[in-house]
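Here is the structure we will look at.
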Amino acid sequence: MSKAIRPEDSESEIERDILRAFGWAIVEFEETLYRKYVVMSAPHSLMPRDEFNRHLLRMHARGHVTPLKLHGCKAWKKLVIEDRIEDTLRPRKIEMAKEPIPPRPEPKRFVVSDSHIIAQDIAKTMRSKLFPGRQDDEHVKNTVRQHASQLRRALTESRRSFIDYLDRKAPTLKEPMQLILSSKGEEILLLSLRLIETGAIER
């Protein structure tokens, strides 16, 4: 009989199991990935689908996976190669030699979501607050991407780190970013910042 999710199960262990569910595949349909995860990860087999999707969104925000449209269905692409996994279920941190850069998606295959729209609004706000009256150029775009990258890393650590970064590095962005965080939540904001950081909204 399957066991319920234990409080002590670490998030890194759950995400490691999700990566294991890909098997040898690089791209997998979301429905298939969830079914494989349920079969392979007995301790977490009662995880609801919506909670599984939240883990995928967090993994996407951290650069571990990226969403795709494959034959009209939602799918996920694995962006990291996990270490050889032993039979033990001890939590192990996923290590990457360097932060992966998602490949440029083909037209019409990128998943257009609320996060994509929010990311465009955030980028527009960042440009207007950081460079009022200035037209877009490479310096503006690079600065916006750098702030998005640092804000994403800070929010991954904690909300306090996120606010501290805004106070120190971008005080003009504090009010609008706090409003987005309060209204949309951490997961949507993390994903939106990731889209800005990778330049996905400019494609």
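The values are calculated or read from the model by the stated rules, or taken from the named source; none is laboratory data. Just so you know, these numbers come straight off a predicted model, no measurement behind them. Reconstructed Cβ throughout: ideal geometry from the backbone, glycine too, with neighbour counts over all protein chains shown.
Residue by residue through the stretch 106-144, note down the ones that are of a type outside the set (A, V, I, L, M, F, W, C), modelled with pLDDT under 85 and under 30 Å from VAL27 (Cβ atoms). Outline the logic, then answer.
Restricting attention to the stretch 106-144, the residues satisfying the condition of being of a type outside the set (A, V, I, L, M, F, W, C) are 106-109, 113-116, 120-121, 124-125, 127-129, 132-139, 141-143.
Those left that are additionally modelled with pLDDT under 85: 106-109, 113-116, 136.
GLU106, PRO107, LYS108, ARG109, SER113, ASP114, SER115, HIS116, listed by residue number.
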In the stretch 158-177, is there at least one residue being modelled with pLDDT of 90 or more, farther than 22 Å from PHE131 by Cβ and hydrophobic (A, V, I, L, M, F, W, C)? yes
Checking ARG90 against (1) of a type outside the set (S, T, N, Q); (2) at pLDDT 50 or above; (3) more than 17 Å from the chain's Cα centre (by Cα): exactly one of these is not met. Which one? (2)
Counted residues, the stretch 38-52 - those being touching a helix residue (DSSP H, G or I) at 6+ places or on another chain (Cβ under 8 Å) and modelled with pLDDT of 85 or more: 2
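For residues that are farther than 22 Å from THR198 by Cβ and either aliphatic (A, V, I, L, M) or surrounded by 20 or more Cβ atoms within 10 Å (Cβ to Cβ) (or both), tally how many sit in the stretch 29-51. Steps first, please.
Taking the stretch 29-51 first, the residues farther than 22 Å from THR198 by Cβ are 29, 31-32, 34-51.
Next cut, either aliphatic (A, V, I, L, M) or surrounded by 20 or more Cβ atoms within 10 Å (Cβ to Cβ) (or both) only: 37-42, 44, 46-47.
Residues meeting the conditions: 9.
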